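Remarks on the structure that follows.
The values are calculated or read from the model by the stated rules, or taken from the named source; none is laboratory data. Predicted model only: the values in this text are computed from it and were never measured. All Cβ positions, even for glycine, are placed from backbone atoms using ideal geometry, and neighbour counts span all protein chains on display.
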Amino acid sequence: MTTDPLSDLLDAAMSATRLRAGTALEPLAAYDRRHNADLLRTLATYLAHGCNATRSAEALYLHRSGLLYRLARIEALLGTSLIPFRVRVALELAVLSLASLETHVEE
């Protein structure tokens, strides 16, 4: 643990959610496998860019409408809107907890 209380809090939260993160994101991972898609990376990038569609689309080299299409697919697969704060926080923890996703984030 670090001496930074916020970093400590995040580390503890990521540790606690690591096992559930894979389950929460499995619909996206399964879709990515079946369709050779990139929804996990899209979600990680969108969250990393503060849910800013324009910046996220640029980082992913997509047209904004292509990103919005992917985000709608993500919402459908997860069965939830990406708008509620609690959903975004849970998704951010899930994405951060999975070490394998760290390389997918385009900052």
Just to check your reading of the model, which residue among 72, 44, 94 is of a type outside the set (S, T, N, Q) and in contact with a Gly (Cβ under 9 Å, 6 or more places away or on another chain)? 94
Among (1) closer than 18 Å to residue 28 by Cα; (2) modelled with pLDDT under 95; (3) of a type outside the set (Val, Ile, Thr) - the single one residue 107 does not satisfy: (1)
If we keep just the residues of the stretch 1-37 that are under 18 Å from residue 74 (Cβ atoms) and of a type in the set (Asp, Glu), which is modelled with the highest pLDDT? 32
Under 8 Å between Cβ atoms, which residue pairs at least 6 apart in sequence (or on different chains) link something in the stretch 73-85 that is assigned to a loop (DSSP other than H, G, I, E, B) with a partner that is surrounded by 14 or more Cβ atoms within 10 Å (Cβ to Cβ) and among the aliphatic types (A, V, I, L, M)? 80/87; 81/87; 82/71; 82/74; 82/91
Would you be able to say whether some residue in the stretch 77-87 is out of contact with any His (no Cβ under 6 Å at 6 or more places or on another chain), over 17 Å from residue 17 (Cβ atoms), surrounded by fewer than 16 Cβ atoms within 10 Å (Cβ to Cβ) and modelled with pLDDT under 95? no
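Could we say that residue 91 is aliphatic (A, V, I, L, M) and touching a Pro at 6+ places or on another chain (Cβ under 8 Å) here?
No.
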In the stretch 52-67, residue farthest from the chain's Cα centre (by Cα) [restricted to those that are more than 14 Å from residue 41 (Cβ to Cβ) and surrounded by 14 or more Cβ atoms within 10 Å (Cβ to Cβ)]: 58
Within the stretch 55-81, how many residues turn out to be of a type in the set (A, V, I, L, M, F, W, C), touching a Leu at 6+ places or on another chain (Cβ under 9 Å) and within 17 Å of residue 32 (Cβ to Cβ)? 6
Neighbours by Cβ (under 7 Å, 6+ apart or cross-chain): first from the stretch 5-25, free of Cβ contacts under 8 Å to residues at least 60 places away in the same chain; second of a type in the set (A, V, I, L, M, F, W, C) and not in a helix (DSSP H, G or I): 8/1; 11/1
